[in-house]
1. So how much slack lies between residue 46 and residue 126, counting 0.36 nm per residue of separation and subtracting their Cα-Cα distance, in nm?
2. Using a 10 Å cut-off around each Cβ, can you sort 145, 188 from fewest to most neighbouring Cβ atoms?
3. Report the label-to-label distance for residue 88 and residue 181 in nanometres (one decimal), using points 7 Å from each Cα along the Cα→Cβ vector.
4. Which whole-angstrom value gives the distance between the alpha carbon centres of segment 97-126 and segment 161-191?
5. Pulled fully out, how much extra length does the chain show between residue 63 and residue 133, if you take 0.36 nm times their separation in residues and subtract their Cα-Cα distance?
6. Would you please calculate the Kirkwood hydrodynamic radius of segment 38-209 over all C-alpha pairs and express it in Å, rounded to one decimal?
7. Please sort 111-119, 70-78 by packing, taking for each peptide the average over its residues of neighbouring beta carbons within 10 angstrom, highest first.
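Nothing in this text is a laboratory measurement; each read-out follows from the coordinates by a stated rule. Everything quoted here is computed from the prediction, not taken from an experiment. Methodologically, a virtual Cβ is constructed for each residue, glycine included, from the backbone with ideal geometry; neighbour enumeration extends over all protein chains shown.
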């Protein structure tokens, strides 16, 4: 009887160990899947944060500049820092030189926008059009640079996205200058909706280009 009880105890212990090992393996597998999923998801979230900051601080500057508020310089400086943040994020995948080049192009994008707003506020149509042409050219330069860095970002797709960003931002500036507050709110909604789509497109391109770093599913 004692031998039987001892055998049953050993059997139960063995089963418990086997169950624990299986549970541990399943937990480990789920953990690995979670890591793979979160790496791609984290990129999407970070990219959205960067580009959301871009439009939020742009809006803050627009409001301050149009209203002649004393915080416009602080808003401009914070906006320029955002371009550095975006460049630093890209440098993680494309190297320091590429990150610095992107930062320079984005800062040019901002400084042109500042001049565009000044021209619009002064009702200087000739200068406004000149700044807009310069802005459009910068959007094309950004698209050229990014499309060469990642084959999953077709140049024309980037051009369309960048120029849509310019047009929605221009609508925002004009509505603010015209003191059309309902249109101003609608314009910012359009800016926000578009920038989220653009940031997601950029994220998806990076995920496709670097599947080993940013896997969306566990492959083992």
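1. Numbers: separation 80, 0.36 × 80 = 28.80 nm, distance 3.88 nm.
That works out to 24.9 nm of additional length.
2. Working: 145 18, 188 21.
Fewest-to-most ranking of 145, 188: 145, 188.
3. Simple spin-label model gives 3.7 nm for this pair.
4. Using only Cα atoms to place each centre, the spacing works out to 16 Å.
5. Numbers: separation 70, 0.36 × 70 = 25.20 nm, distance 2.31 nm.
Fully extending the segment from residue 63 to residue 133 adds 22.9 nm.
6. Taking every pair of different Cα atoms in segment 38-209, averaging 1/r and inverting gives 16.4 Å.
7. With the highest mean Cβ count within 10 Å placed first, the list reads 111-119, 70-78.
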